[in-house]
1. Is it the case that A:Gly96 is surrounded by 24 or more Cβ atoms within 10 Å (Cβ to Cβ), at pLDDT 95 or above, in a helix (DSSP H, G or I) and within 10 Å of another protein chain (Cβ to nearest Cβ)?
2. Quick test for you: out of A:Asn138, A:Asn73, pick the one residue that is under 28 Å from B:Pro39 (Cα atoms), surrounded by fewer than 21 Cβ atoms within 10 Å (Cβ to Cβ), within 14 Å of chain B (Cβ to nearest Cβ) and touching a strand residue (DSSP E or B) at 6+ places or on another chain (Cβ under 8 Å).
3. Return the only residue of A:Glu122, A:Glu166, A:Glu130 being closer than 19 Å to B:Pro104 by Cα and over 17 Å from the mean Cα position of the chain (by Cα).
4. Taking the stretch A:105-125 as the region of interest, how many residues are surrounded by 20 or more Cβ atoms within 10 Å (Cβ to Cβ), free of Cβ contacts under 8 Å to residues at least 40 places away in the same chain and in a loop (DSSP other than H, G, I, E, B)?
5. Checking B:Ala220 against (1) within 28 Å of B:Leu86 (Cβ to Cβ); (2) under 15 Å from the mean Cα position of the chain (by Cα), which single condition isn't satisfied?
6. For residues that are surrounded by fewer than 20 Cβ atoms within 10 Å (Cβ to Cβ) and of a type in the set (Lys, Arg), scanning just the stretch B:226-266, find the one that is nearest to B:Leu186 (Cα to Cα).
7. For the subset of the stretch A:6-24 comprising residues that are surrounded by fewer than 21 Cβ atoms within 10 Å (Cβ to Cβ) and not in a strand (DSSP E or B), which member is nearest to the other protein chains (Cβ to nearest Cβ)?
8. Determine, yes or no, whether A:Thr79 is more than 10 Å from every other protein chain (Cβ to nearest Cβ) and crowded, with 22+ Cβ neighbours inside 10 Å.
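The values are calculated or read from the model by the stated rules, or taken from the named source; none is laboratory data. Bear in mind the structure is a predicted one, so any value in this text is a computation, not a measurement. A quick note on method: Cβ atoms are made from the backbone with ideal geometry, for glycine too, and the neighbour counts reach across all protein chains shown.
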Amino acid sequence: MSDIEQIPVTMTVNGKKVQRFVEPRTLLIHFLREDLNLTGPHIGCETSHCGACTVEMNGMSVKSCTLFAVQANAAELTTIEGMANADGTLSALQEGFRQMHGLQCGFCTPGMITRAHTLLQENPNPTEDEIRMGISGNLCRCTGYQNIVKAIQYAAAKLNGTDFQEAAE
Amino acid sequence: MIPGEFTYHRPSSVAEAVAILANHGDEARPLSGGHSLIPMMKLRMAAPEHLVDLGGIATLKGISEDGDTITIGAMTTQHELIASDLLSAKLPIIGETSRLIADPQIRYVGTLGGNVANGDPGNDMPALMQCLDASYVLTGPDGERQVAARAFYEAAYFTALAPEEILTSVRIPVPAAGHGYAYEKLKRKVGDYATAAAAIVLTMNGGTVSMCSVALTNVADTPLFASEAGQILTGSTLDAETIKRAVAAAEAITQPASDGRGPAEYRTKMAGIMVERALARAAERARS
């Protein structure tokens, strides 16, 4: 066991306050998955390229594999586990991914949806280009992105109360 | 990939941070956004025993204007640089460059100070700061000193920054209103370092270039201020012959490595192409 001092951290994760002691070198992704049992955020590349570990921290999308848990002290975090509506029904984005077939193997999906959530908070009516640039830090090896873009367009339309027109192929 | 053990410090002032660094010498490293340092720590290529998180020092954030100088706090993120109205109005080349760095998630966290202080030749902001003739404010146990970006970089990861100093802010002289600018970056994919990139700022006066500054990214083990290329272009009307000479002068100072981004000869040639493209866009944007 290391003699490095454990650090107390407090954060709000998916609306709930959590308090733990962590070793300073604990990465946020390991803290979420192993200490809090939130295994929605995935460990993909571990090198901040793939975006599978994306979570929302204080309204920003971050790659939790490249942050120490101690850096998230006092932060508000949302993971895919906190994305559904309060009554348990699917959020507009989750529904969009389902309706538009925005996933195949599903590995990138938690990161994609949490990233898209922040994107739509900042830009409620993004163009296709803005969506593609907005998710450029999230890799998907199955879909070719087409249906992910449609899923985000579907969610934007639903949240804006406008009609979703599926783009012609 | 789990980093080595370290003791975590979270000072709330620059003085406190500098004192910790001075106390631990080479065994301590400051942490800003961490998107260069944490990957290095995960690979155990960096193993600081003391990590000094600058995230709790409020005075290191923010963008302000004082006369002809814009000062950017070291902990200002790329995302904040892009969002800044002041920079959009006075120094739009900064946002243009930030947008070409990494991806959205990393831009929320990665900072200007970390980008320029780390000494990674792949980083984009160092060449831009040389192009703009920025100065870095370095704070150590004996107070502050300023070092010009053009004199800061010594070799890959070696800079004028002493182990007990922190780069606290970047001071940039505001270019003339109506100046032209462009940052052109060739990269293989989003998030990649440049195969080659060029930053250009120029001012035009009735079709003649009255000032021109050129700098290059990732085509040597430091960023390169291409002073000769800038001098050749200054006073010209950007005729084809002059542009050719300036591009050749820029290419001549490159010393790229042959790597996954291409053989050295190719990267030198691409540096020339980036200069040409940046020049064309900067000239188009300049108001005579």
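1. no
2. One residue alone meets the criteria, A:Asn73.
3. Step by step, each of A:Glu122, A:Glu166, A:Glu130 is checked, and only A:Glu130 is closer than 19 Å to B:Pro104 by Cα and over 17 Å from the mean Cα position of the chain (by Cα).
4. Here the count works out to 0.
5. For B:Ala220, the exception is condition (1).
6. B:Lys244
7. The qualifying residue nearest to the other protein chains (Cβ to nearest Cβ) is A:Glu23.
8. Spelling it out, A:Thr79 is indeed more than 10 Å from every other protein chain (Cβ to nearest Cβ) and crowded, with 22+ Cβ neighbours inside 10 Å.
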